[in-house]
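Inspection log for the structure reproduced underneath, given as structure tokens.
Each reported figure results from applying straightforward, stated rules to the coordinates on display, with no laboratory input. What you see is a predicted model; the values in this text were computed from it and never measured. Cβ: placed from backbone, ideal geometry, glycine included. Neighbour counts: every protein chain shown.
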Amino acid sequence: MAEEKSFKYVIVGGGVAAGYAAREFSKQGLKPGELAIISREPVPPYERPALSKGYINLENKASLPGFYVCAGSGGEKQFPQWYKDNGIELLLDTEIVKADLASKTLVSGTGQVFKYQTLIAATGSSVTRLSDFGVEGADAKNIFYLRELLDADELVTAMNVKANGKAVVVGGGYIGLELSSALKVNNMEVTMVYPEPWCMPRLFTAGIASFYEGFYANKGINIVKGTVAAGFSTNSDGEVTEVILKDGRTLEADIVIVGVGARPIISLFKGQVEEDKGGLKTDAFFRTSVPDVYAVGDIATFPMKLYNEMRRVEHVDHARKSAEQAVKAIKAAEEGNSIPEYDYLPYFYSRAFTLSWQFYGDNVGETVLFGDNDPTSAKPKFGSFWIKDGKLIGAFLEGGSPDENKAIAKAAREQPFVESHEVLSKEGLSFVSNI
């Protein structure tokens, strides 16, 4: 039997949330040996969004340690030495395979036992694979997913080997859009394939999407909509050579990248914790139904105060903020103090080519498009507002300045009354800059 290790606090998962939780613990005061982070990844917590952006730009490649947390939000980079200096035990390449919450015990794949007094579950999401749907040939070589550093390393190697080759991107969401642009910038021939009538349908309206699809098409990216990858052909080396589409067409491919979503990793806690909307149900302090067990980031389903409903959010901004909130709550409880409830404004953003958009609030209700959404414009700037019950509740902006982005965020939080959609469309940004 492997030796048993005991800690006051244990964070399971070594992603963005774990890194920001560690920083908050060190700010709040931590004795050496009190905190352990147990991560199956081989490197300390890093800013995951870099993987689909700078990390795969071969000309001007971002690399570790450049994007250790908390670099992505302008904070100090937490090198391995930072954890040592702060008395934090960083257990890498360690996968927890069993969690017994009643006895406060975790067991790793190698049989190591860890005891905790307080647990923060920060296990994040795992990428959805085509093999999950039984797609034929989905295990061929040079079919990539992007979730962790090793995935990105494999992709970069293939991009070098198959330089100037043909890439097929399966999926029209975040990963699909960001990777198509990265592959194009790296001089590959790119085709995007997705089943929906337009890209990023969870957020984009038809009016927003038509801009990005036009812009991508003008960059030479081929877009195939309304069908899915049904299988793959391979050569004698087992490398992918073409993507077979459900509608019968085939696309030549040297590299395939799949971005069809992710699933929260909660199997460790099944049957032990109350669940909601695919995640672990928490309160406004990220406490689960089990005492001394907190859940943060992608796996937490929490009360979103602004809309008075339970939500689960898969985004780096919430991963950072929920982690900080949980640690503040843990520390406050120990001292008999209270802290304000989590009051989150949903925020999403993306960068691709020369483009950069931000979104705040909720994308429900009627929509009003404003500005110049012509993909051939030299400096396109446009956006959309979402209006529900006469109030502005969501705002999207492409090409905004920092001040303009702040203005749409403020509007989404304050939810001003909208008298006329027509007037709003004409006023555009000037409507929110006066709030």
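For the pair segment 217-290 / segment 149-207, the C-alpha centres are spaced 13 Å from each other. Projecting the Cα atoms of Thr354, Ile387, Phe431 onto the charge dipole of segment 354-434 (Cβ charges, centred on the Cα centre) puts Thr354 farthest toward the positive pole. Computed from backbone phi with θ = phi - 60° and the Karplus coefficients 6.51, -1.76 and 1.60, the 3J(HN,Hα) list for segment 134-140 is x, 5, 5, x, 5, 9, 4 Hz; x is used for glycine and proline.
Full extension of the segment from Phe417 to Thr354, taken as 0.36 nm per residue of separation minus the current Cα-Cα distance, would add 19.3 nm. Phe133 label point, 7 Å along Cα→Cβ, cut-off 17 Å on backbone N: hits in segment 228-261? Answer for this model: 228-233, 243-251, 256-261. Cut-off 14 Å, label point 7 angstrom out along Cα-to-Cβ of Asp237: give me the residues of segment 158-199 whose amide nitrogen falls inside. Residues 158-163, 165-166 fall inside that zone.
Longer than 31 Å from Cα to Cα, which of Lys8/Lys281; Lys141/Lys225; Lys27/Lys388; Lys281/Lys426; Lys277/Lys379; Lys166/Lys379 are they? Say none if no pair is.
Table pairs above 31 Å Cα-Cα are Lys27/Lys388; Lys281/Lys426; Lys277/Lys379.
Computed on the Cα trace of segment 135-178, the radius of gyration divided by the Kirkwood hydrodynamic radius gives Rg/Rh = 0.95. Average 1/r across all pairs of distinct alpha carbons in segment 204-363, invert it, and you get the Kirkwood radius: 19.4 Å.
The helix-only estimate of mean residue ellipticity at 222 nm for the chain, built from DSSP H runs of length n ≥ 4 each weighted as -39500 (n - 2.57), is -7000 deg cm²/dmol after division by the residue total.
Of the residues Ser420, Pro402, Ala378, the one whose Cα sits farthest towards the positive end of the charge dipole of segment 354-434 is Pro402 (charges of +1 on Lys and Arg Cβ, -1 on Asp and Glu Cβ, taken about the Cα centre). Between Lys391 and Leu58, what length in nm is gained on full extension when 0.36 nm per residue of separation is reduced by their alpha carbon distance? Result: 115.4 nm gained on full extension. Ranked by the mean number of other Cβ atoms within 10 Å per residue, highest first, peptides 408-421, 175-188 order as 175-188, 408-421. Per-peptide packing, taken as the mean over residues of other Cβ atoms within 10 Å, places 149-155, 325-331, 294-300 in the sequence 294-300, 325-331, 149-155 from highest down.
Assuming 0.36 nm per residue, please report the length gained on full extension of the stretch Lys115 to Ser338 beyond their Cα-Cα distance.
Fully extending the segment from Lys115 to Ser338 adds 77.6 nm.
Restricting to Cα pairs below 8 Å that are 6+ residues apart, what does the relative contact order work out to for the chain? Please round to a whole percent. RCO, the chain: 13 percent. Between the beta carbons of Leu92 and Arg249, assuming R0 = 41 Å, the FRET efficiency works out to 0.40 to the nearest 0.05. Working from Cα pairs under 8 Å separated by at least six residues, relative contact order for segment 262-337 is 24 percent. FRET efficiency for the Asp372 to Leu150 pair, using the beta carbon distance and R₀ = 45 Å, is estimated at 0.60. Under 5 Å between amide hydrogens, built in the peptide plane, is the criterion, and for Phe7 it picks out Lys115, Tyr116, Gln117 among residues at least 5 positions away or on other chains.
So how strong a dipole does segment 288-340 carry about its Cα centre when Lys and Arg Cβ are +1 and Asp and Glu Cβ are -1, to the nearest 20 debye?
Computed about the Cα centre, the dipole is about 140 debye.
Considering only alpha-carbon pairs that sit under 8 angstrom and 6 or more positions apart, the relative contact order computed for segment 89-133 is 22 percent. Charges on Cβ only, +1 for Lys and Arg, -1 for Asp and Glu, centred on the Cα centroid of the chain; of Pro201, Val293, Leu251, which one is farthest towards the dipole's positive end? Of the options given, the answer is Val293.
Charges were assigned to the Cβ only: +1 to each Lys and Arg, -1 to each Asp and Glu. The resulting dipole of segment 130-260 about its Cα centre is roughly 480 debye. With both labels modelled 7 Å from their Cα along Cα-to-Cβ, the Ile435 to Asp403 distance reads 1.7 nm. When restricted to Cα atoms, segment 354-434 yields an Rg and a Dmax of 11.7, 36 Å, respectively. Calculated translational diffusion coefficient of the chain (4 °C, 1.567 mPa s; Stokes-Einstein with Kirkwood radius over alpha-carbon pairs) equals 56 µm²/s. Once backbone amide H atoms are built at 1.01 Å from N, Tyr294 has Leu119, Ile120, Ala121, Thr288 as its partners under 5 Å, excluding neighbours fewer than 5 places away on the same chain. Normalised by 2.2 N^0.38 Å, where N is the number of residues, the C-alpha radius of gyration of segment 130-260 stands at 0.99. Assuming charge only on the beta carbon of Lys and Arg (+1) and of Asp and Glu (-1), the dipole of segment 158-233 about its Cα centre is about 120 debye to the nearest 20. Taking amide H as placed 1.01 Å from N in the peptide plane, Gly165 has its amide H under 5 Å from the amide H of Glu189, each at least 5 places away in sequence or on another chain.
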